[in-house]
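Structure first, then comments.
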Amino acid sequence: MYIIIILFLVSLIGIVIMLGRKLVLVRNGLAESGEHFHPFVPDLIKIKYLTQKSVKRYGYLVLVATLRWHIRFSNLLKYQYQKIKTVLKEMTHKHITLQGDTPPETREVSGFLKMISEYKHKIRNIKHKIKEEEGKK
């Protein structure tokens, strides 16, 4: 146990001495800041460039995949809704005819509502004509 601690402290002191010598050379301006490339470690600038390029490409691919999935899923929901709607209409129609009742007919709109809708259309047409006349003058 003591041997491991002694070896650790000796190596730590050795590292501190090496860094201290380099630091003194750098402060005096004697150390060259040349590029030192390790054969197994690629250049950091290349790593940064390749990372940015791949992130953009994969981000675009993820965006396209997400949009495709959303469109397909929404279309699937829409078609399934239409199918279920028709099936329910058929089931209710069959259920009503099995009981002997007549299927419900579409109700006629009340006269009051018809009159109001006719007035709205007339007013809309009058407004449109006024806008056309003002635009011509």
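Restricting 44, 12, 30, 25 to residues that are modelled with pLDDT of 90 or more and either out of contact with any helix residue (DSSP H, G or I) (no Cβ under 8 Å at 6 or more places or on another chain) or of a type in the set (Asp, Glu) (or both) narrows the list to 12. Filtered by the rule that a residue be modelled with pLDDT of 90 or more and among the β-branched types (Val, Ile, Thr), the range 63-95 gives 64, 66, 71, 84, 86, 87.
The values are calculated or read from the model by the stated rules, or taken from the named source; none is laboratory data. Remember, it's a predicted structure, so these values are computed and weren't measured experimentally. Don't worry about glycine lacking a Cβ; one is built from the backbone with ideal geometry, like all the others, and counts go over all protein chains shown.
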